[in-house]
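All remarks here apply to the structure that follows.
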Amino acid sequence: MKTFRTVLTTLVCTILFSIGFVNTAIAAAPAPNLSVPSQINCISSADFNGNKYADLAVANGNRVTIFLGNGDGTFTAQTPITFSAPVTDIESGDIDGNGKIDLVVSSGKQVIVLMGKGDGTFTKLEPINFPATVRSTALINTNGNGKMDLAVGVGKKISILFGNGDGTFSPATK
């Protein structure tokens, strides 16, 4: 799964370059800029609405804003999704195997799964609670069963939650 994460990171960097977040002297025309109301915490990229164009999930403060790609280097912002605490990480992937991209959001002492509807909107599932602030997450298939599992970084520990294939996860192992 590291390969998938590397591909996503490369894609995000390419998008950030193409929309003007990275300066270049060879740009022929100014690229559009995206803005959010406060400091950006993290970004994830995938095709959230199934139109074959890259979209962005941008976390700032306690919200995540989905920017749907228009296919020409511009994006359309959707209504932000709010959380009870600042967002520290976002992961994107098809958690339930239905072909629609889902999100995993770390917010305070919780991980919240957002099930993608395939149109750029999401449904929040019940949060998964942890004893301390969640700093990082990764979607991986740790046991080879074809279902996405979740690695969660809390303090000095990584918890592995086995995916049930429906957007939910089993209790954590340490």
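Just add up the charged neighbours of residue 113: K/R +1, D/E -1, any other residue whose Cβ is under 14 Å from the Cβ of residue 113. The answer is -4.
So which of 124/157; 100/147; 100/156 end up more than 24 Å apart, counting from Cα to Cα? Beyond 24 Å: 124/157; 100/156. So which aspartates and glutamates can residue 117 reach, going by Cα to Cα under 13 Å and dropping same-chain residues fewer than 8 places off? Within reach: 47, 94, 96, 102. The candidates 100, 156, arranged from most to least accessible area with a 1.4 Å probe in the full protein assembly, appear as 156, 100. Summary of the geometry: the stretch 101-164 and the stretch 43-60, compared by the centres of their Cα atoms, lie 17 Å apart. What the pair-distance distribution of the stretch 81-149 shows, using all Cα-Cα distances binned every 5 Å from zero, is 4, 18, 26, 25, 18, 9, 2 percent.
The values are calculated or read from the model by the stated rules, or taken from the named source; none is laboratory data. Because the structure is predicted, anything quoted here is derived from the model rather than measured. Glycine gets a Cβ as well: all are built from the backbone with ideal geometry, and neighbour counts include every protein chain shown. Heavy atoms of the whole protein, side chains included, go into the accessibility calculation; ligands, DNA and RNA do not. Shrake-Rupley method; radii C 1.70, N 1.55, O 1.52, S 1.80 Å.
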